[in-house]
Each structure stands twice: as structure tokens, then as C-alpha cells.
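Below is one structure, written out as C-alpha cells; the observations come after it.
Where a number appears in this text, it was derived from the coordinates with a stated rule and is not lab data. Since the structure is predicted, the reported quantities are computational estimates derived from the model, not experimental observations. With ideal geometry, Cβ positions are generated from the backbone for all residues, glycine too; neighbour counts draw on all protein chains shown.
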Amino acid sequence: MAVRAGTLDHVISAAQFDRPLLDALFARATALEGTRGHSLTGRIMATLFYEPSTRTRLSFESAMLRLDGSVLGTEAAHVFSSAMKGETLEDTIRMVCAYADVIVLRHDREGAAAQAAVVATVPVINAGDGPGEHPTQSLLDLFTIERELGRIGGLHVAICGDLRFGRTARSLARLLALYDGVRISFVAPDVVQVGPDIRALLDDRHVPYQLSPRLDDVIGSADVVYQTRVQKERFTDPAEFERARGAIRIDAATMQRLPATSVVMHPLPRVDEIDPEVDSDPRAAYFRQAANGVALRMALLELLLA
């Protein structure tokens with residue numbers, strides 16, 4: 001049985017998901033893992049990416065093809081689309097709606113996915129809107145935590161790195177706030193520490209959290225260490241980037257302080273914030289995390305289209 005069709009018109013923000021919907025989505029993703037089906041035969045997905053992507057674009061395309069759907073799209077849409085000629089995002093979306101049954105949109109500007117959804121006549125999935133949100137990444141992150149640790153409630157999650165521009169971290173914090181007993185540590189230098197909007201959300205939901213500049217301060221009790229890349233492309237001040245760069249790094253010595261039952265995650269790509277020597281540690285879950293994106297996105301596409 002597919003998850004509840006018609007529950008969502010678009011996927012723009014992690015804030016659209018509640019616990020019953022998450023539970024249904026994760027159950028369906030588990031059932032779909034490693035399978036192929038025909039639930040989306042005849043349906044077409046358009047991937048419209050204005051920013052680079054490897055995992056998000058390819059896992060969405062793999063998910064659609066595994067459900068017997070078809071895929072069309074463009075990378076570097078700023079260059080390889082009529083945006084190069086000055087076409088507005090709204091006009092591009094109106095035209096793509098004539099060619100596809102669902103649009104997966106990545107854009108460099110926060111709010112672009114919501115802007116697209118206003119004029120779209122087919123579902124729009126936000127695959128990252130600048131420093132705003134990346135809801136499908138946070139869904140697969142949460143799915144991974146549940147699969148790796150068997151639960152989400154009651155965990156201590158340390159979210160590290162670029163929390164100012166890191167859309168994956170922002171979306172994950174929103175979803176973690178739905179679970180009882182979760183405690184969050186935001187580990188980052190001040191220049192890229194989490195913003196007041198996320199802190200206000202957690203305060204409103206009575207989710208305990210702390211801000212720390214050092215991973216050593218929290219790693220001993222962390223069930224999940226969620227590391228992120230410092231996003232050089234989003235800084236306008238090179239000096240700020242240099243202050244943030246390399247501030248939080250995970251290596252073999254770090255792993256010695258991490259509990260044996262904990263996991264390290266990363267939305268990828270990484271640069272130098274996780275040493276490759278960590279890859280062989282069974283607690284390094286980031287490649288398993290990336291692989292989980294296919295089944296999760298299969299379930300999400302069914303939710304919107306089946």
C-alpha cells in the first residue's frame with residue numbers, strides 16, 4: 001500500500017510533515033528498498049537544477065526510473081535553459097508543467113521553490129533553495145537515523161559545521177522537533193552558528209538545545225554527529241569563510257571520543273571536514289545515508305503521484 005496520496009500538493013519545507021506522515025513515508029520507503037515497481041508508469045519527472053548536484057539529482061532520477069516512470073531535465077539551468085535569455089522562473093515553471101507530471105527544482109535563491117509552486121500546475125519538490133531548506137535531504141537523514149539507531153525520540157543529535165547557510169541542517173532541526181525527548185547541540189563557530197528562526201522554533205516546541213563552538217564539548221553523549229560542509233560559495237566576506245573553515249573536523253582521534261553505539265552522518269559532498277580515515281569505521285553512516293535517498297524518494301514520488 002502506498003502512503004497517503006493527496007496529502008501534499010508540493011514539498012517545499014520540512015514544516016509540512018507531521019509524525020503520522022513521516023511514519024507512513026518511512027514504512028513505505030522500507031518496503032520499496034531494493035525493489036522495482038510500476039506505480040508511476042507513464043508519469044514524467046522533470047529535474048530542473050540551477051545549482052550543481054550529484055546525489056539529489058541522481059537519486060531522484062533513479063527513484064523515478066525504479067517506479068517505471070520517465071525522466072527529463074537539465075543541469076546548470078542558469079546556462080542551459082532559457083534563463084540564459086532572461087526568462088523568469090515563473091515562466092520556466094509554467095512551460096515545464098506542460099511537459100512533466102512533477103518538477104524537482106534546485107535553485108540558488110531562498111524562496112524559489114515556494115515561488116515556483118505558486119504558478120505550478122504539477123507538484124514541485126524543493127531540492128534545495130539556496131540557504132533556505134532541503135526537505136527531502138532531511139527526510140532521508142531522519143530515515144537514516146531511525147534505521148541506524150532504531151529510534152529518533154530521546155536521542156542527542158549534534159549538528160555541526162555550517163549552520164548559517166546549511167539548508168540540510170535547518171530542515172533536519174525542524175523535523176527532529178517533532179520527536180519527544182530529542183536534544184540538539186548546534187556545534188559551530190559564531191560566524192556560521194544556527195539562526196534565530198530555528199532557535200525560536202525549538203523554543204516554541206520546548207526542544208532543549210545548546211550552542212557550542214567545540215565538538216569535544218558534546219561528543220561524549222552524542223548519539224548522532226551530523227557534520228556539514230562550510231559552504232564557501234555562499235560567503236560574501238572571504239574573512240568570514242576563513243574563520244569558519246576547518247573549525248569542526250572529524251578524524252580518527254575524534255572517533256575515539258564518540259560512543260560505540262553512535263553514528264556519524266553527512267549530507268555530502270565533503271571537502272576536508274571528515275578525514276577519509278574515518279570511512280572504514282562502522283559508525284560512519286554517511287554513504288549508507290546517501291544510498292537511503294533512493295527508497296525515500298521513491299516513497300515521496302508515490303505520495304505525490306500514485
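Quick notes on this structure:
- C-alpha center-to-center spacing [region 169-210, region 92-147] in angstrom: 22 Å
- Net dipole in debye of the chain [+1 Lys, Arg Cβ; -1 Asp, Glu Cβ; about Cα centre; nearest 20]: 440 debye
- Short-range pairs are left out: with C-alpha atoms under 8 Å and at least six residues apart, the relative contact order of region 135-290 is 25 percent.
- Amide H to amide H distances under 5 Å link ARG183 with LEU155, HIS156, VAL157, where only residues 5 or more positions off or on other chains count and H is placed in the peptide plane.
- Rg/Rh, computed from the Cα trace of the chain with Rh as the Kirkwood radius, has the value 0.96.
- Relative contact order computed over the chain (Cα-Cα under 8 Å; 6+ residues apart), in percent: 22 percent
- Highest-fluctuation residue, ARG229, ARG66, ARG270 considered, GNM on the chain with Cα pairs under 10 Å: ARG270
- Charges were assigned to the Cβ only: +1 to each Lys and Arg, -1 to each Asp and Glu. The resulting dipole of region 135-290 about its Cα centre is roughly 300 debye.
- Three-way shape call for region 19-165 based on the alpha-carbon gyration tensor, with the a/c threshold at 1.5: oblate
- A simple rule links phi to the HN-Hα coupling: the Karplus curve 6.51 cos²θ - 1.76 cosθ + 1.60 with θ = phi - 60°, which for region 39-50 gives 5, 10, 4, x, 8, 10, 10, 9, 9, 10, 10, 8 Hz, with x for Gly and Pro.
- When HIS134, HIS38, HIS107 are arranged by Cβ crowding within 10 Å, least crowded first, meaning fewest neighbours, the order is HIS38, HIS107, HIS134.
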